[in-house]
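Enquirer: Input: one structure, supplied below.
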Amino acid sequence: MLSIFRYPGGKSKVRSRILKYSPSSYLEYREPFVGGGGIFFGTPPVQRWINDMHSGVVAVYTALRDRPDEFIDACRRIPYATKCAPGLGKGHRYQWLGPEIEKFFHQCVVSEEIDEALRYFMLQRCSFMGRVVYGDAKRTCCSC
């Protein structure tokens, strides 16, 4: 399974090279800085613990563990941009029209009323290289 995040320094593309150095079998897996989870999603289904310093990252993984249907449904309700007439600009074939997604993005930036997992997921997917910083990053953990 691939990571759902775009993450600077992500390991998804080199996962197979890293995992060939892991033991052939083990009973548990612990990852102190899961980030995008490139290695985590490639490990066998043993008892696993993940941690991250950013509460938004942990909120997404916790939502996927504890309330996957609700979280995925909320993600599917995020407005999306639509392709319209051929656009202008270097390297762009089409112009994208998305006032609803732009409005929701700005709501996610300023509103703490939006579910933290949905908020982080939205901002992370729309931000340059997945770098999202808002509020105080709290050290939290999630046992999956």
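Enquirer: I'd like the Karplus ³J(HN,Hα) series for region 43-51: coefficients 6.51, -1.76, 1.60, θ = phi - 60°, whole numbers in Hz, and an x wherever there's a Gly or Pro.
Expert: Per residue, the Karplus-derived 3J(HN,Hα) values read 7, x, x, 10, 4, 10, 10, 10, 9 Hz.
Enquirer: Here is a further query. Arrange the residues E70, E116, E31 by how much accessible surface each exposes, largest first, with a 1.4 angstrom probe. Present the calculation step by step, with values, prior to reporting the outcome.
Expert: Details: E70 110, E116 65, E31 25 Å².
Result, largest first: E70, E116, E31.
Enquirer: Of all the accessible heavy-atom surface of region 1-61, with the other protein chains kept in place and a 1.4 Å probe, what percent is carbon and sulfur?
Expert: On the way: 2230 of 3730 Å².
Carbon and sulfur: 60 percent of the exposed surface of region 1-61.
Enquirer: How large is ³J(HN,Hα), in whole Hz, for each residue of region 23-33 in order, when computed from phi with the Karplus curve 6.51 cos²θ - 1.76 cosθ + 1.60 and θ = phi - 60°, using x for Gly and Pro?
Expert: x, 5, 8, 7, 9, 8, 9, 10, 10, x, 10
Enquirer: Please report the accessible area of D66 (heavy atoms, 1.4 Å probe, ligands and nucleic acids excluded) in Å², nearest 10.
Expert: Ignoring ligands and nucleic acids, D66 comes out at about 90 Å².
Enquirer: If you don't mind, there's one more thing I want to ask. Given the whole protein assembly as supplied and a 1.4 Å probe, what does the accessible area of L27 come to in Å², nearest 10?
Expert: For L27, solvent-accessible area is about 150 Å².
The values are calculated or read from the model by the stated rules, or taken from the named source; none is laboratory data. Just so it is clear, the model here is predicted, and its values are computed rather than measured. Note: areas computed on protein heavy atoms with side chains; ligands, DNA, RNA excluded. Shrake-Rupley method; radii C 1.70, N 1.55, O 1.52, S 1.80 Å.
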